[in-house]
Each structure stands twice: as structure tokens, then as C-alpha cells.
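What follows is calculated from the coordinates using simple rules that are stated; it is not laboratory data. Predicted model, so just to flag it, every value in this text is computed and none were measured. Heads up, the Cβs are rebuilt from the backbone with ideal geometry, glycines too, and the neighbour counts pull from every protein chain shown.
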Amino acid sequence: MQYTNSDFKNMKFPIFELSLDEDLLSKFNRLTSFSEFKQDVPNLDNNLVIRYIFFCYDHTIQWDTLDFKTRKKKAAELAGFKKFDRNVVLMLNNAIPEVNQMITAFFRIQNNRKFRRKIMALELLDQYHKIIMEPIRKKLDDDKRMRAANLKTKLMEDCETLDAMIDGIDVEFFGSTEEALAIEENLIAISPENISKITDNVLKS
């Protein structure tokens, strides 16, 4: 699909028609009040990274795809990344701390708590599912196996809470339409924090 400026007219920071070498910190002075945007991203062009974040995480954009993986790739292409080398792939997989910090700062700028809460809830839900599906190692003694089983049970209860939260936000955003359900099924983890680190010691000790 060929995009036009009208597709992005409501963006917080309108960048669609800006040249790729435009200094976004100079163009949008508000960004300079956030230290996250002034740090260097290893092995990537800062301007392109910021463009990617604006395209990918601006809640006003109505994309032609409900699949978030596809949306992230399109956002990277629009941002100006010509090749998806290792560093770009790391960015898309939220594996670069500096980029994650910029994403969090952009959420604060947008000040849309419901949108941010849904993203965070989906991140937690994704990580909880991964932990729950991980087999409990047979080599663990009875006490550790019980602790791991109790953790999984608690996470199952938390998943139910997160599901209800996401459903409630979807009602407000989409009226519980099929589009909302499709987004819920396809949206991948994008929160900067990886909640699985919290429970690694329990499952792997």
C-alpha cells in the first residue's frame, strides 16, 4: 500500500513529509526535555530510530494491517531503514535498552493511559504465557517443583485479570468488534520491561 500524508495527519509529531536527515530534536524542541531521546543508540541512526518509534507507537495512526509484527516492519521502512540487519532486528524485537527507553518516553508524551495500559497488559500476558508453558524441570527437588507450580497457578490467575483489563479497554476503543479481537491475538510484546526476568530464578534454580 502506498501511504500519503493524510494517513498520518493526526500524528503527535508529523514526520511523514520530513526528509530522512531532518534533525528531529531541532525540529521538535519538546523532545529535548526528555533525556531518553538525547542518548545515542548503538549502531543505529538516532533520527531513524525516533522516526520508527513515532510511526510504530503513535496511537492515532490507522494502519491497513491488524498484525502488529507487520506494522512494526512497515514503520521501520517508513522511518527510512533500507536493510533489516541485525541491529534493526534487535530494535524490532525490543532488545535495545536505549530504544525501549525512548518508547516509554513517547508513551508519556502521548499521555494516553488506556493505550499504554493495553500495551503493557499485552506484554505481561505474553510473558506470562511463555512462563506457564515452560515445563517444570524433573531435576528440581519437591520444594522447588512446588514453588514453580504455585507460581504458574498465580500467573494463571493474573492472566484472567489481564484478559478482563484488555477486554475493558477494547470495549472503549473498538466496541468489542472483531478488529479488537484480531489486534489482541496479533499484538506482540513491546513493553521495555521483560517480566520473565522476575521469575527466571524460580524456574531455573
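Taking the inverse of the average 1/r across all pairs of different Cα atoms in the range 5-110, what Kirkwood radius in Å do you get? Could the numbers behind the result be given before it?
Values: mean 1/r = 0.0720 Å⁻¹.
Value: 13.9 Å, from the Cα pair sum.
Check the straight Cα-Cα distances from Lys138 and name the lysines below 27 Å, setting aside those fewer than 8 residues away within the same chain.
Qualifying lysines at Cα under 27 Å: Lys130, Lys152, Lys154, Lys197, Lys204.
Once R0 is set to 45 Å, what does the formula 1/(1 + (r/R0)^6) return for the Cβ-Cβ distance between Ile132 and Arg30, expressed as a FRET efficiency to the nearest 0.05?
Working: r = 41 Å, r/R0 = 0.91.
Efficiency at R0 = 45 Å is approximately 0.65.
Can you figure out the FRET efficiency of Leu20 with Asn111, using R₀ = 35 Å and their beta-carbon distance, to the nearest 0.05?
Numbers: r = 28 Å, r/R0 = 0.79.
After rounding, the FRET efficiency stands at 0.80.
Can you spot the lysines whose alpha carbon is less than 26 Å from Lys74's alpha carbon? Ignore those fewer than 8 places along the same chain.
Lys9, Lys12, Lys27, Lys38, Lys82, Lys83, Lys114, Lys118
Using a basic spin-label model with each label point 7 Å from the Cα along Cα→Cβ, how many nm lie between Lys139 and Glu98?
Going by the 7 Å Cα→Cβ label model, 3.8 nm.
Which is farthest toward the positive dipole end of the range 1-155 among Leu125, Asn112, Phe84, measuring Cα position about the Cα centre, with Cβ charges +1 (Lys, Arg) and -1 (Asp, Glu)?
In the range 1-155, that residue is Leu125.
Tell me, what are the semi-axes, in whole angstrom and largest first, of the equivalent ellipsoid of the range 61-172 as set by the roots of 5 times the Cα gyration tensor eigenvalues? Don't jump to the answer; show the numbers that get you there.
Working: eigenvalues 207, 84, 32 Å².
With the √(5λ) rule applied to the range 61-172, the semi-axes are 32, 20, 13 Å.
Across the range 50-62, in residue order, what do the Karplus-derived ³J(HN,Hα) couplings come to in whole Hz, using 6.51 cos²θ - 1.76 cosθ + 1.60 with θ = phi - 60° and x for Gly and Pro?
Whole-Hz 3J(HN,Hα) from phi for the range 50-62: 5, 4, 4, 4, 5, 5, 7, 10, 7, 6, 7, 6, 9.
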